[in-house]
Amino acid sequence: MNMIVNVDKNWGIGLNNKLLVSIPADMKFFRQTTTGNVVVMGRKTLESFPNGLPLKNRRNIVLTRDPEYKVKDAEIVHSREELMELLKDCDSSRVYVIGGESVYRMLLPDCDTVHVTKVDHAFEADTFFPNLDEMPEWKITADSEEQTYFDLEYTFLKYERV
């Protein structure tokens, strides 16, 4: 399985259920990477999307503890075990975990690749991604040239489990 995430220099990912920053090149990378694949997310991540609707041209799977939760065009699961059962026939290289914090933390042990857009700025954040730089089992295997968006500098990094 893969993860895809945009983090600030402190590995912050969100504030008040919104992204810390929206960078067009990052959004394009996310769209190109996940289109045609399976995306796994938590309920709050889904609800942060425009009109709270699933992403088009992807198989959307939403993890929630709410047994009554329903959403059109998405599959709902209530536990890691239920998710794994649903994914057992999927090509794991085509599964992307897209957030939020609790879903990332729960599924990181099941992933072998993490695509990180790292923004060289510290934002105020209330949700965080685990700091892969502090985990010896994760190594950067690819990185882009530094990019800029207005006054923000960022890089696209690929971390792989070693």
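The values are calculated or read from the model by the stated rules, or taken from the named source; none is laboratory data. Because the structure is a prediction, the values reported are computed rather than measured. Glycine gets a Cβ as well: all are built from the backbone with ideal geometry, and neighbour counts include every protein chain shown. Keep in mind that these areas ignore ligands, DNA and RNA; they rest on the heavy atoms of the full protein, side chains included. Shrake-Rupley method; radii C 1.70, N 1.55, O 1.52, S 1.80 Å.
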Mind checking the angle between helix 24-34 and the chain's longest principal axis? C-alpha axes, 0 to 90 degrees, to the nearest 10.
40
Accessible area per residue of the range 1-130 at 1.4 Å probe, in Å²?
52
Options C90, H78, F129, ranked by Cα towards positive dipole end of the range 66-149, top entry (Cβ charges):
C90
Portion, in percent, of the accessible area of the chain that falls on carbon or sulfur, probe 1.4 Å
49
Environment charge at N2 (Cβ cut-off 9 Å; Lys +1, Arg +1, Asp -1, Glu -1)
0
Tell me, what ³J(HN,Hα) does each residue in the range 145-152 have, in order and in whole Hz, if you take phi through Karplus 6.51 cos²θ - 1.76 cosθ + 1.60 with θ = phi - 60° and put x for Gly and Pro?
4, 5, 10, 10, 9, 6, 9, 9
Probe 1.4 Å, all protein chains in place: accessible area of D143 in Å², nearest 10?
110
Sites excluded, GluC sites (Glu not before Pro) in DSSP loops with at most 13 other C-beta within 10 Å, longest stretch of the chain:
1-67
Checking the cross-link filter: which aspartates and glutamates have an alpha carbon closer than 18 Å to that of K88, excluding same-chain neighbours under 8 positions apart?
E75, D110, D112
Simple SL model, points at 7 angstrom along Cα→Cβ for H121 and N16; separation in nm is 1.7
Largest first, how would T113, T141, T148 line up by accessible area (1.4 Å probe)?
T148, T141, T113
Please report the base-10 log of the normalised intensity I(q)/I(0) for the range 98-162, using a Debye sum with one equal scatterer per alpha carbon and no solvent, at each q in 0.12, 0.16, 0.23, 0.30 (1/Å).
-0.34, -0.60, -1.12, -1.35
Long-range amide H partners of L55, meaning residues 5 or more apart or on another chain whose placed amide H is closer than 5 Å, are none
Percent relative contact order of the range 30-131, based on C-alpha pairs within less than 8 angstrom and at least six residues apart?
27
Answer rounded, prolate or oblate for the range 55-108, using the Cα gyration tensor with square roots of eigenvalues a ≥ b ≥ c: rounded when a/c is under 1.5, else prolate when a/b is larger than b/c, else oblate.
rounded
Do the sum for the chain: with -39,500 (n - 2.57) for every DSSP H run of n ≥ 4, divided by all residues, what is the mean residue ellipticity at 222 nm, to the nearest 500 deg cm²/dmol?
-5500 deg cm²/dmol
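Under a point-charge model restricted to the Cβ atoms of Lys and Arg (+1) and Asp and Glu (-1), what is the dipole moment magnitude of the chain relative to its Cα centre, in debye to the nearest 20?
The calculated dipole for the chain is roughly 600 debye.
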Aspartates and glutamates within cross-link reach of K70: Cα-Cα under 13 Å, excluding same-chain residues under 8 positions apart?
E47
Which of L157, T117, V103 sits farthest toward the positive end of the charge dipole of the range 91-162, with +1 on the Cβ of Lys and Arg and -1 on the Cβ of Asp and Glu?
V103
Taking θ as phi - 60°, what are the ³J(HN,Hα) couplings along the range 3-12 by the Karplus curve (6.51, -1.76, 1.60), each to the nearest whole Hz, with x for Gly and Pro?
10, 9, 7, 10, 10, 8, 5, 9, 6, x
